[in-house]
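Input: a single structure, listed below in structure tokens.
The values are calculated or read from the model by the stated rules, or taken from the named source; none is laboratory data. None of the values given here were measured: they were computed from a predicted structure. Neighbour counts are summed over all protein chains in view; Cβ atoms, including those assigned to glycine, are modelled from backbone coordinates with ideal geometry.
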Amino acid sequence: MADSLPILPGSTVVVRDATSIYNGYQGFVQRISGRNAAVLFEGGNWDKLVTMPLKILEQA
């Protein structure tokens, strides 16, 4: 992971956690606080802002 880009606000990320209902979803990082990121998921007629640990997010 040393060669991957850092996750910053505005980054597009994919959730990589088999235990999460958001596994495989792609979203946009809105803000980062400590070890967590607020990720905005948009789909059709819904938007959802979810706080997730950075360790389960991957740059898209």
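Of the residues making up region 1-58, those that are within 8 Å of the chain's Cα centre (by Cα) and of a type outside the set (V, I, T) are Q26, G27, F28, A37, A38, L40, M52, L54, L57, E58.
Cβ-Cβ distances below 8 Å connect the following pairs, each with a first residue in region 17-43 that is closer than 15 Å to P53 by Cβ, a second residue that is among the charged types (D, E, K, R) and part of a strand (DSSP E or B), and a separation of six or more residues or different chains: G27/E42; A37/R31; A38/R31.
Across region 8-27, a minimum of one residue is classified as touching a Ser or Thr at 6+ places or on another chain (Cβ under 9 Å) and either at pLDDT 95 or above or among the β-branched types (V, I, T) (or both).
Checking the stated criteria, L8 turns out to be loosely packed, with under 13 Cβ neighbours inside 10 Å and hydrophobic (A, V, I, L, M, F, W, C).
Report, by residue number, each residue of region 1-38 that is touching a Pro at 6+ places or on another chain (Cβ under 9 Å) and polar (S, T, N, Q). Those that are touching a Pro at 6+ places or on another chain (Cβ under 9 Å) and polar (S, T, N, Q): Q30, N36.
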